[in-house]
Amino acid sequence: MIATESGRIRYFFHSVKSVYSFFFALGKRARKSKVFYLISFLPVVLALVIKFSQIFNGDGRFEGLYIFSNLIIGFYLQFLILILALFFGTSVCSEELEGKTLTYLTTRPVPKSAFIIGKYAAYTTLTSLMVVFGVIFSFLILNVDKLLDFSLYKVLFENLAVLILGLICYTAFFTFVGTFLKRSIMFGLIFSFGWENVIQYFPGSTQRFAIVHYLKSLLPVPPAEGFAFLLFRLEPTPPGLAVLMLFLIAAGFLGFACLVFHWKEYILQD
């Protein structure tokens, strides 16, 4: 009995690994991925423009770290990771329905939950890489004159950790949404740029109903000079509790996605 259960667990993780490898390789070459590669490097172009402008105009009012912490991270946190998570998360299920491949996949000897988890992990890894490279290049460009100040890199790594946690959480949520809503993209846009971008500014405990609240609670405090845009009206949750909440949210929605995908009967339309 124990040997049988152990074999099932090994088979499950082997299935997750196989699904992950297949969809990560497929996702790298997908047309939509190429579009998002370009979008994820827009902040790099912006960082270049700002840095060259500062050099040629002799404008040193704002340091590179301040611009990075407010403008660049703001773009990634409030826009890009939401868009990436939305389009890749909802497509975990929806692209199989649209491509008429769901029947083939669900009749393979692969547990349905292993399919969801493996594909979710592949897309989360892919989007995380898009974000990581763009953030690092932007940081290096804006702080090119202080690259030997190793204290700055702590800010870089902390911001990267927050963005990756955001992708883990948002992609799990949108994976769940994509398993049962036909118009998941429309709902996701309303949620992302309606709920998440409004509720975070509510006073008191109300803002804790937004995922972005817990992400902002983990952001490093930017340099003292200037206004900290991302921390406006934030009543932060303690870092340990914020991390716990993010992992609970991700695990919960991914678990719900697996349950819905396992029990729901999908109808393929012509």
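The values are calculated or read from the model by the stated rules, or taken from the named source; none is laboratory data. From a predicted model like this one, the values you see are computed outputs, not experimental measurements. All Cβ positions, even for glycine, are placed from backbone atoms using ideal geometry, and neighbour counts span all protein chains on display.
Might you let me know whether the stretch 168-186 holds any residue that is among the small types (G, A, S), touching a Leu at 6+ places or on another chain (Cβ under 7 Å) and in a helix (DSSP H, G or I)? For the stretch 168-186, residues among the small types (G, A, S), touching a Leu at 6+ places or on another chain (Cβ under 7 Å) and in a helix (DSSP H, G or I): present.
Filtering V16, V35, V49, V45 for residues that are at pLDDT 85 or above, of a type in the set (A, V, I, L, M), assigned to a helix (DSSP H, G or I) and closer than 15 Å to V92 by Cα leaves a single hit, V16. Taking the stretch 191-219 as the range and being assigned to a helix (DSSP H, G or I), free of Cβ contacts under 8 Å to residues at least 60 places away in the same chain and aromatic (F, W, Y) as the test, the residues that pass are F191, W195, F209, Y214. Does A172 satisfy being of a type in the set (A, V, I, L, M, F, W, C), surrounded by fewer than 22 Cβ atoms within 10 Å (Cβ to Cβ), within 14 Å of the chain's Cα centre (by Cα) and modelled with pLDDT of 90 or more? Taking the combined requirement at face value, the residue does not satisfy it. Checking V35, V19, V45 one by one, the residue that is more than 23 Å from E196 (Cα to Cα) and surrounded by 18 or more Cβ atoms within 10 Å (Cβ to Cβ) is V19 and no other.
Every residue, every condition in (1) outside any helix (DSSP H, G or I); (2) over 18 Å from the mean Cα position of the chain (by Cα), yes or no:
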{"position": "V110", "(1), (2)": "yes, yes"}
{"position": "K119", "(1), (2)": "no, no"}
{"position": "F133", "(1), (2)": "no, no"}
{"position": "F137", "(1), (2)": "no, yes"}
{"position": "V162", "(1), (2)": "no, no"}
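All of (1) at pLDDT below 90; (2) more than 25 Å from G118 (Cα to Cα); (3) hydrophobic (A, V, I, L, M, F, W, C) hold for A30 with one exception: (2). Taking the criterion of being surrounded by 12 or more Cβ atoms within 10 Å (Cβ to Cβ) and free of Cβ contacts under 8 Å to residues at least 12 places away in the same chain, the residues of the stretch 48-77 that qualify are Q54, I55.
Within the option set F137, F193, F133, F150, being out of contact with any Leu (no Cβ under 7 Å at 6 or more places or on another chain), surrounded by fewer than 14 Cβ atoms within 10 Å (Cβ to Cβ) and within 27 Å of V44 (Cα to Cα) holds for one residue only, F150.
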